[in-house]
Structures are given as structure tokens and as C-alpha cells.
1. Determine whether P44 is touching a residue at least 40 places away in the same chain (Cβ under 8 Å), in a loop (DSSP other than H, G, I, E, B), crowded, with 16+ Cβ neighbours inside 10 Å and not small (G, A, S).
2. Yes or no: the range 118-135 includes at least one residue that is within 20 Å of G81 (Cβ to Cβ), within 16 Å of the ligand (Cβ to nearest atom) and under 21 Å from the mean Cα position of the chain (by Cα).
3. If I ask for residues that are closer than 13 Å to T317 by Cβ and acidic (D, E), which ones from the range 335-379 would you list?
4. Determine which member of the set T288, T256 is surrounded by fewer than 16 Cβ atoms within 10 Å (Cβ to Cβ) and within 16 Å of the ligand (Cβ to nearest atom).
5. Given the criterion assigned to a loop (DSSP other than H, G, I, E, B), within 23 Å of C181 (Cβ to Cβ) and within 14 Å of the ligand (Cβ to nearest atom), identify the matching residue among A210, A215.
6. Only residues that are over 30 Å from A290 (Cα atoms) and surrounded by fewer than 22 Cβ atoms within 10 Å (Cβ to Cβ): list them for the range 158-180, please.
7. Among the residues of the range 232-245, which ones are more than 16 Å from the ligand (Cβ to nearest atom) and either in contact (Cβ under 8 Å) with a residue 24 or more places away in the chain or part of a loop (DSSP other than H, G, I, E, B) (or both)?
8. Report, by residue number, each residue of the range 100-110 that is within 12 Å of the ligand (Cβ to nearest atom), farther than 18 Å from P187 by Cα and either assigned to a loop (DSSP other than H, G, I, E, B) or in contact with a Cys (Cβ under 8 Å, 6 or more places away or on another chain) (or both).
Amino acid sequence: MSISTFLRKKFLKSLFFPSHNRGKALPKNFIKLLEEDPGCWDLPELPELGSPSASFGLIKQSQDNFAEIFNMNSCWFGVNGASGLIQSAILSIAKPGDYILIPRNIHICVIKICLVANIVPIFFDLEFSEVTGQYLPIKREWLNNILDNNLIKYEKIAGIVLVNPHYQGYSSEIGPLVELCHLKKIPVLVDEAHGSYFLFCEGIGLPVSAVRAKADLVVHSLHKSLNGLTQTAILWHHGDIIENDTIARNINLLQTTSPSSLLLASCEESIQDWLENDNLKKYKMRITEARFIFEELTRREIPLIKTDDPLKIILNTGAYGIDGFSADEFFYKHGFIAELPEIMSLTFCLGFSKQKDFIEIFVNLWKKLLTDIKPNKILKPIKPPFQSIQIPEIPPAECLLRNSCKVTLMESIGKISADIICPYPPGIPLVIPGERIKKDMVEWLIEQRIIKQDLLDFYINVLIT
Ligand SMILES: Cc1ncc(COP(=O)(O)O)c(C=O)c1O
């Protein structure tokens, strides 16, 4: 089967990213563009258009318009996902040799840019739920304790990255966290990949966006949490700690020389769509409907986990001794395609289109799942064995230059990793280059079956010392 044939495959329910639900919730103007004259929209960087980092053209005008609406200094569209813009943002905060503070649930794109730019990540741990096996949102006191830790050498910290909301939708009160970092004179980048729509949908009990909280830099993934095409994103800049020109330069540095005009139009239309009153009313209705779905499923005794994002429906499979990976296979087989399986849960993304029949199908499949899958009575999440603060023993970038060899996971114990171990989704690294692989880490990986692969057959590169 060709790729293009597969792209037309129909599923019973597509409950994954991108959130436009296979076109149903794309902005009307954008649908018109796609339909009218297929392919005509694929243009090079003509002078009238420009590009995200250019100082002229329609793209610049559109970016300036959105920045003004939200009282930001500037913003830039991105065509290499939130990943690309997060990486440009990090280069705008830290120089080679600098340290950045990052939480343990950081996205892999941050580690990749640290590797190529010789920036050293300092990990800080997060609170963990023994019930769901998921990280919990950061509270101000928690961050304060982290920032007061003696291992943190302030003179070398160039900035902090906060992930808010988490993949599953847990959200901190972001304002006090930004304020605390600013009190300590630490620039803040918020990876708000999963929370773009919070900025547009205010006054209905959603978390406050980091754009409103005046973080220095905020990145939105427009395909995960707005109705843009895959790879669309936006970076927002506020304040005077980081210079505008530095960011534009770093966007230019990492961006392709041929940014897709279609993706750039999708960035613009997905944001514009949420600025129009009638559309906003419709989206607010979707959020009300999502809350109703949660309540109704709970009323029908389906075990769900509540987070701060109503569009994420998280099935607590662990409550019935079923791991999220087996549940994912079951739902996939029935055409009900989820976004994120984890040890204790399975997350479905409702997206922005109307979810007809969701409740009935879900309830029926859940009942069938309970009869089809044997529960595992000893299923229990174990906290990953991370320390409160962890600094790689060797700067990750240095590991790229040193000789390494491939060994089995068991043989890697006690050695320094030259690889990233990272299940996807959610794309959160468990081990990065420069970290020593400890016995408790390997035992935890095996115990929690985090890597969906035969672990006895799993190889990893370690440094030859
Ligand atoms: C928290 C977080 N940040 C950033 C990204 C990267 O987003 P993108 O896929 O748009 O590059 C992801 C992707 O899963 C993510 O979960």
C-alpha cells in the first residue's frame, strides 16, 4: 500500500493528534484553500510573502498582528513543530557551556539541542502519583526548594524550561512559577505545546496561559492544541531579558531554507480562527461537551483520571489491573485509536470536532475490554529512580566526540550512556548521554515495561572509558 493510500484510511474514531480530527475541525478558510486549486498554495519565499524570520512580507505582518493582539514583543510561526521553536528558544537563552534547568518530563527536543550546542541540562525531579504513575504539576514551594538546592550553581544557570501543561493535561498555576524564576533572575521558557487553546478560551475555568503569565518565551504546538496541520507551531516573546534579534537569528539558524507556505498559512489560519467570536463560541461548546463526556463516563463507572485539560480523556486501566499498552492494542484493533498509552492508563484526545457517539462506543468497548483481557493483579506504578537534582557526569555534547560501543541493557549498568533512551510517545527521555546508568534505573525500566521492546534484546551505546 502506498503512503498516500494509507492516509485515506478510515478509523472508527481518531482520538490522537493532530487535534483537527482528520480535517473535520480545520479552520474554514484553510479548508477553502485546500479545496479550491490543489497545489496552487505551494509557493516559495516570494518577496510579498517573506518568511518567519524576515523583516518584511505577509508572514511578518501576520506575526506582528498576533503579537500586538496579545501584548507580546513578537511572535514567530514555525514549520518544524514545537520542537524546532523550542530549540531556537533554547539557543536564545543559553550559550555553549551554559547550564539550563529542566524538569524530568522534558521533551526530547530539548536534549537534542543541548547535545549539538554543548548546553548542559540540569534535571530536577517532579512529584509523582503512586496511583496513576504520572508526574504531578509543579507547585511554587516545590520549585522554590529546587532553586534553593546547593547543587544549583546560579552563576551558570542561563535559564529554565517549564513544561506546562503536561502531555496528559496536568497544569500548574504558571504565574507564580514565572514570578519566582524572575525574582531569581532566571529567564523562563514555557513549553506550552499542549496548552495553546488556553490563551484563546479564557473565563471558562481553563488554566492560565504562560503568554498571559508573561513568561519570556512560550512555545505552542498548533497541531496538538489548536487546529493547525502537523508541524505547525508558534513562539511568543515577552519582555527585555532576551533580545528580539537573537531569537530571529536562532530561528533562521535551525529553519529549513524552504519553509512550507501551506504550513505557514495553517499557522495563521488556526490562530485567526480562534480570534473570531462565532468560532470561539463553538470551541467553548466543544469544551463544555468534553466536560460532559467526562462526567457521563464517570457516572457510568468508567475509571477516568481527571486533569486540567478537558479535551484529554484518560482511562485508568490500572485500576482494573490492565496496563495501558495492552488496552491500547485492544482499542486499536477496534478502530478506536488513542494517543498515549502508559503503564497505568490510556489517553484519548478528543480534538476540536464534535464527538458524536463517543460515550456509547467507549462504554461498550470498555465492557468488552474487561472480558477480553486478563487483569494483572500486581500492576503498580513505581516512581522512576531519579534524584531531586541530577547533572550528567559528562557534558552530553562531549559524549558525541568520545568512542562508544553497543552493549545490552544489563551490560550497560555502571557505564556512562552515549545514547538517549526515550519511549515515544510521550518523547520524554529516561536516560541521556553523559548520565551513568544505574542498576535501579535498569530494574525500573524492566519492571515498568516502559520500552515496548524485548528488553533482553535491547542495546544501548555506552562510552568506552
Ligand atoms: C511537551 C511537549 N513539548 C514539545 C513537543 C514537540 O512538539 P512537536 O511534535 O510539535 O514538535 C511535544 C511532542 O510530543 C511535547 O509533548
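The values are calculated or read from the model by the stated rules, or taken from the named source; none is laboratory data. Computed from a predicted model, the values in this text were never measured in an experiment. A quick note on method: Cβ atoms are made from the backbone with ideal geometry, for glycine too, and the neighbour counts reach across all protein chains shown.
1. On the way: touching a residue at least 40 places away in the same chain (Cβ under 8 Å): yes; in a loop (DSSP other than H, G, I, E, B): yes; crowded, with 16+ Cβ neighbours inside 10 Å: no; not small (G, A, S): yes.
The answer is no for P44.
2. Let us first name the residues in the range 118-135 that are within 20 Å of G81 (Cβ to Cβ), namely 119, 121.
Adding the requirement that they be within 16 Å of the ligand (Cβ to nearest atom) leaves 121.
Next cut, under 21 Å from the mean Cα position of the chain (by Cα) only: 121.
Yes; the residues of the range 118-135 include at least one that is within 20 Å of G81 (Cβ to Cβ), within 16 Å of the ligand (Cβ to nearest atom) and under 21 Å from the mean Cα position of the chain (by Cα).
3. Residues satisfying the conditions are E342, D372.
4. On the way: T288 fails: within 16 Å of the ligand (Cβ to nearest atom).
Residue meeting the stated conditions: T256.
5. Numbers: A215 fails: within 14 Å of the ligand (Cβ to nearest atom).
After applying the criteria, what remains is A210.
6. Of the residues in the range 158-180, the ones over 30 Å from A290 (Cα atoms) are 158-160, 179-180.
Scanning the range 158-180 gives A158, E179, L180.
7. Within the range 232-245, the first condition is being more than 16 Å from the ligand (Cβ to nearest atom), and the residues that meet it are 237-245.
H237, H238, G239, D240, I241, I242, E243, N244 - these are the residues of the range 232-245 that are more than 16 Å from the ligand (Cβ to nearest atom) and either in contact (Cβ under 8 Å) with a residue 24 or more places away in the chain or part of a loop (DSSP other than H, G, I, E, B) (or both).
8. Matches in the range 100-110: N105, H107, I108.
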